1. Name the residues in the range 177-202 that are surrounded by 20 or more Cβ atoms within 10 Å (Cβ to Cβ) and modelled with pLDDT under 95, would you?
2. Among the residues that make up the range 341-348, is at least one of them without any contact (Cβ under 8 Å) to a residue 60 or more places away in the chain and either surrounded by 14 or more Cβ atoms within 10 Å (Cβ to Cβ) or farther than 30 Å from residue 284 by Cβ (or both)?
3. How many residues are assigned to a loop (DSSP other than H, G, I, E, B) and out of contact with any strand residue (DSSP E or B) (no Cβ under 7 Å at 6 or more places or on another chain) if we restrict to the range 361-376?
4. Only one residue in 449, 440 is surrounded by fewer than 23 Cβ atoms within 10 Å (Cβ to Cβ) and either in the same structural domain as residue 161 (by TED's automatic domain parsing) or modelled with pLDDT of 95 or more (or both). Which one?
5. Would you confirm whether any residue within the range 187-195 is free of Cβ contacts under 8 Å to residues at least 60 places away in the same chain, within 30 Å of the chain's Cα centre (by Cα) and outside any loop (DSSP other than H, G, I, E, B)?
6. Please determine whether any residue of the range 383-400 is touching a helix residue (DSSP H, G or I) at 6+ places or on another chain (Cβ under 6 Å), assigned to a helix (DSSP H, G or I) and farther than 22 Å from residue 218 by Cα.
7. Hey, which of the helices (runs of 4 or more DSSP H) in the range 200-269, taking only ones fully inside, have at least 3 residues that are under 29 Å from the mean Cα position of the chain (by Cα)?
8. Just to be sure before I move on: is residue 164 touching a strand residue (DSSP E or B) at 6+ places or on another chain (Cβ under 9 Å) and within 18 Å of residue 207 (Cβ to Cβ) in the structure I sent?
């Protein structure tokens, strides 16, 4: 296997199970963040993103809950996954034999803080451990500490990431023939145990895993080019002309060349034409599809013809419009934004575009240096070299709730934190921007480039693969670690608990948005560090703010948030 740090189980690394010290109050923490921000300028790569209202409320509730547990239970509060029994109950519990077993499971990660056990957060392993105890598969004496059961996971998944198949190994009491059913009765429907089979004494779910298969679901409209009026689209054309790449650039975008022109003519222009003459310029400038040259040249647009709502409202309020006219402008902007979303969802990707995506994905196959596709790893770090066995579109596009989706499947020996999401995002950027896909090969070199993460929403651990173990198990006459026998149940679970959640959440939240990075133009990596035009002071400030926001999104994790040294986070 690649030189990678092993995922430690709770038993192997008890330090990770110590609960963090609860913060004093929400107000205190907000004050500390403000002081830190002022002391360090823009914050650098470890600066955390501003939380939305709901996320802030959830974080405040979590801190208050941690504080409550500390007050009730002292300096070392009970982990939330633990089940505490009285000494009388423990003494009365009949001792039964434990066996080393392999537990095959699947789960939807929505609402969970990832796979790995955490003393203060709701996780998949936390719910699973509690269900083992409730089903009497773990004794009352061991109901607090998972390390007493030799708990080891195969692959750790990040917050919100799903798995149709994953594996944990541990010691369980499995005398009851209905133990799987009883465990599932104690679990949230989002988590299902497919089966439990005996394992050899030395089996480790992590060490014996040969490779892993992931699926990534992505809407086909993510491969549409940026709107011609946006900053990125302007730069794409400018760089193609400067570097003599215009003919090849047009060829790479031939199948989508007229998409935005036809969309604006058919769906957007009628909305604008119906407006009073006085407010037309404000709507045009705010939307960005047919706005002034100054608006078109700024990078504040979000990449699909719409401008952010905050900027729109701010510009409108500064105008000389009456309140009624301002309201008309805002309604028109919302109508246009809705029209853009609707037309993008109706997009159906042509075969030429699919072939280009597959060609780009194929450039990941082999042993490569993926230091640019994770965090906190350098070019010289040997653990950044990973083996990808295959990466391709796995089937024909499917239409769900009016949106066309692609299924990308990657088979690799092991993955680093955010690696798959960044690989997908890189391909989406290159294809939608008509860039040379060989830019992927350049990303393996000793140059640091910013690559965004595709949303975690679409990532799914299909299953881990244990070919080596199964060969030995077959020779010894033991049961194989094989998910195929649960394929029907897994497919039903994926459709109900995983795919539908992904499709519904995307429809509600529009999670798949675009970022702008100049290395995807004909200028290549050099475009990241040089400018081809002299912007105005206002444009330069807008670009600086946009770049700062984008880079904060790309590299927003702090060292304190890393677990398992960033291994197998997808």
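1. 199, the sole residue that qualifies.
2. Residues of the range 341-348 that are without any contact (Cβ under 8 Å) to a residue 60 or more places away in the chain, as a first pass: 346.
From what's left, either surrounded by 14 or more Cβ atoms within 10 Å (Cβ to Cβ) or farther than 30 Å from residue 284 by Cβ (or both): 346.
Yes.
3. Narrowing the range 361-376 to residues assigned to a loop (DSSP other than H, G, I, E, B): 363-365, 370, 374-376.
Filter once more, so that each one left must be out of contact with any strand residue (DSSP E or B) (no Cβ under 7 Å at 6 or more places or on another chain): 363, 375-376.
Residues that pass the stated criteria total 3.
4. Details: 449 fails: either in the same structural domain as residue 161 (by TED's automatic domain parsing) or modelled with pLDDT of 95 or more (or both).
Every option except 440 fails the conditions.
5. No: the range 187-195 contains no residue that is free of Cβ contacts under 8 Å to residues at least 60 places away in the same chain, within 30 Å of the chain's Cα centre (by Cα) and outside any loop (DSSP other than H, G, I, E, B).
6. Yes; the residues of the range 383-400 include at least one that is touching a helix residue (DSSP H, G or I) at 6+ places or on another chain (Cβ under 6 Å), assigned to a helix (DSSP H, G or I) and farther than 22 Å from residue 218 by Cα.
7. The helices (runs of 4 or more DSSP H) meeting that bar are 231-242.
8. no
The values are calculated or read from the model by the stated rules, or taken from the named source; none is laboratory data. Because the structure is a prediction, the values reported are computed rather than measured. Note that we place each Cβ from the backbone using ideal geometry, even for glycine, and neighbour counts take in every protein chain shown.
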